[in-house]
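> First the structure, which I've put down as structure tokens, then a few questions once you've had a look.
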Amino acid sequence: MTFKNVLEHSVNAYLNNVKLISIFAIPLVITLPLALALPNFVSLGGVFLRFGSIGHDFTSFDLLVTGLAFLVSLLVISFALVAINMIVKSQRSLVKPSHYDVEKVWQHSINLFTVFLIAFLIILGFNVFLYDYGLDQSLGLLISLLVSVVIIFAPQAIVIDGLDVKHIFLMSVSTVARKFWYFVGFLIVAALLMMLNSALFLSLLPSLSDAMFANYLAVIVNALIIVPFLEVFKVQIYLSKYSIL
């Protein structure tokens, strides 16, 4: 299957299931207030944490409350991504989810939550270490990129192959290696969509006072449309390993 075929399957799968996918994408927007409460900056339709602001802007109580809220939000996001993957898997394989599959949603969500939490702690710990010792912060970007590559196909490894946490990382890396050029194509498509999304809202609201509002609108569109579509895209890339599908 060519990259063009995979992209076409992705678009068709998204459009055929857009209503259901959009419903399960709502939790991605619900978590937005938490992101806005943190010391962050908005860029390309995403909200990014300023690691260096944590120690200065937060009290211990603030850290505790935000940490708990973050964990709940991460679990909700994990559930949303698992649900979207199950929808696409069912549509692509032409098999309706069984009662057993529905029962596995919670366990899949817990597994994905665990993967995301491990990844976040690695990135956070490394960036805090760099900040405390005054080292080059660009190393933190490199670690973030590497960790992201390691877990990029984690939702698919969990939902499609039913892997446990200890095998998910290896399967995700294996998929990137086996479908490397598809992975590169995915990154290009993702970057283009996010840049177009951000540029669109900034062009509609050019003034400085409106720029922040435009950025947050871009975040909402990113959460409701772009991220779900990219998740569908990843499912199609992952399934392209199996010629029967």
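The values are calculated or read from the model by the stated rules, or taken from the named source; none is laboratory data. Quick caveat, the model's predicted, so the values are computed rather than measured. Heads up, the Cβs are rebuilt from the backbone with ideal geometry, glycines too, and the neighbour counts pull from every protein chain shown.
> So the check is Cβ under 6 Å with 6+ separation or different chains; which pairs have a first residue in the range 89-117 that's closer than 27 Å to Val149 by Cβ and among the aromatic types (Phe, Trp, Tyr) and a second one that's surrounded by 19 or more Cβ atoms within 10 Å (Cβ to Cβ) and modelled with pLDDT under 70?
Note: no pairs meet the criteria.
This table checks each residue for (1) in contact with a Pro (Cβ under 8 Å, 6 or more places away or on another chain); (2) of a type in the set (Phe, Trp, Tyr); (3) surrounded by 13 or more Cβ atoms within 10 Å (Cβ to Cβ).
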| site | (1), (2), (3) |
| --- | --- |
| Asp132 | no, no, no |
| Gly140 | no, no, yes |
| Ile143 | no, no, yes |
| Phe153 | no, yes, yes |
| Ile158 | no, no, yes |
| Leu163 | no, no, yes |
| Val173 | no, no, yes |
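> Being within 28 Å of Leu239 (Cα to Cα) and either acidic (Asp, Glu) or outside any helix (DSSP H, G or I) (or both) is the filter here, so list the residues in the range 117-160 that pass it.
Ile152, Phe153, Ile160 - these are the residues of the range 117-160 that are within 28 Å of Leu239 (Cα to Cα) and either acidic (Asp, Glu) or outside any helix (DSSP H, G or I) (or both).
> Would you call Leu163 among the aliphatic types (A, V, I, L, M), part of a loop (DSSP other than H, G, I, E, B) and modelled with pLDDT under 95?
yes
> Determine which member of the set Met194, Met171 is in contact (Cβ under 8 Å) with a residue 24 or more places away in the chain and either within 20 Å of Lys4 (Cβ to Cβ) or in contact with a helix residue (DSSP H, G or I) (Cβ under 7 Å, 6 or more places away or on another chain) (or both).
Only one candidate passes the filter, namely Met194.
> Please count how many residues of the range 56-95 are at pLDDT 80 or above and among the aromatic types (Phe, Trp, Tyr).
1
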